[in-house]
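One structure is given below, encoded as structure tokens.
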Amino acid sequence: GGGVNVLDLMPMLGGVLLLAFGVNLWKSLLASDAAQAQAEAAVLRERQAAAAAAAAKSDTIRRMNDELRTPMTALIGAAEHLRRAAASPQARAHIATIVQAGEVLRLVLNDLSDLDRLENGHVRIEARPTDPRDVLRGVVSAFRAAAQDKGLELFVDVDPETPASLEIDAGRVRQVLFNLLANAIRYTTHGGVRVRMSAQTLGGGLARLSVIIADTGAGMSRAQLALIFGRERLCADGEGPGLGLAISLRLAKLMGGKLTAKSELGEGSVFAFSLDAPVTAAASSAA
């Protein structure tokens, strides 16, 4: 009869459904684009906030370093003058302790400065002929009083075959050894700390300098070691032997060397620093 055939309406119904699907798809795409734009804007804001925080941290570290370094240098200079003028050996020994403590604080300031510079890739290695034995002696002398105050034995063994002159960055090597020895003494309450320096001839005018620092202290867990040796970024907060060791690890790598550690909780720690360096004819003073 005159009724409408449903089959005749199928093309029109299909078109309506297709149009509805297209409209919904278009709305979904718009919503997706808006959500993506919002997410990208949020990421950008987070990056800008992180950059601002990093810049503020760098500025704070630089200002603090500048404000502390000038009086520290003056203090060390004045103590050096008093030591030369002191009449009695006892007075000279006491003033020498002040000088050594000042040098320790200056190296701490160096760590704070390098915290920022290492993150930004601004640390350079400047190697020159240096007697590594002098570097070690200077570091050890800075901690003898601290070890004695805690009743700790501080043993030092230097292999007589260690070259008198290697082309190394004396300041950076000193900084690494300072951090290792400071950590050992800080976390050792009984027993002592043993330091050994040696060198292995490699050929081609190179020698592998090795310094091992072993202590009878509290030790570290595997998780602590993994945090220090596996962290991607340095941080100045938190407790435990983190910042100095993490900085030393970075410096060792920058010098082409290695820093490894073995430790167990309650069993002490053994840190080994090694560095391949050219053997040179004459050493300058370890600056």
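Values in this text are rule-based calculations from the coordinates and carry no lab data. In this text the structure is predicted, and so the values were computed from the model without any measurement. Because the Cβ atoms are built from the backbone with ideal geometry, glycine has one as well, and the counts that use them run over all protein chains shown.
Tell me which residues come under 5 Å, amide H to amide H, from residue 158 once H is placed; ignore anything under 5 positions away on its chain.
197
Once the other residues with Cβ under 15 Å from the Cβ of residue 80 are scored (Lys, Arg +1; Asp, Glu -1), what is the net sum?
Net of charged neighbours comes to +3.
Using modelled amide H (1.01 Å from N, peptide plane; none on Pro or chain starts), what sits under 5 Å from the amide H of residue 206, excluding residues fewer than 5 places away?
Result for residue 206 returns 279.
By average Cβ neighbour count within 10 Å, what is the ranking of 261-273, 128-140 from highest down?
Top to bottom by mean Cβ count within 10 Å: 128-140, 261-273.
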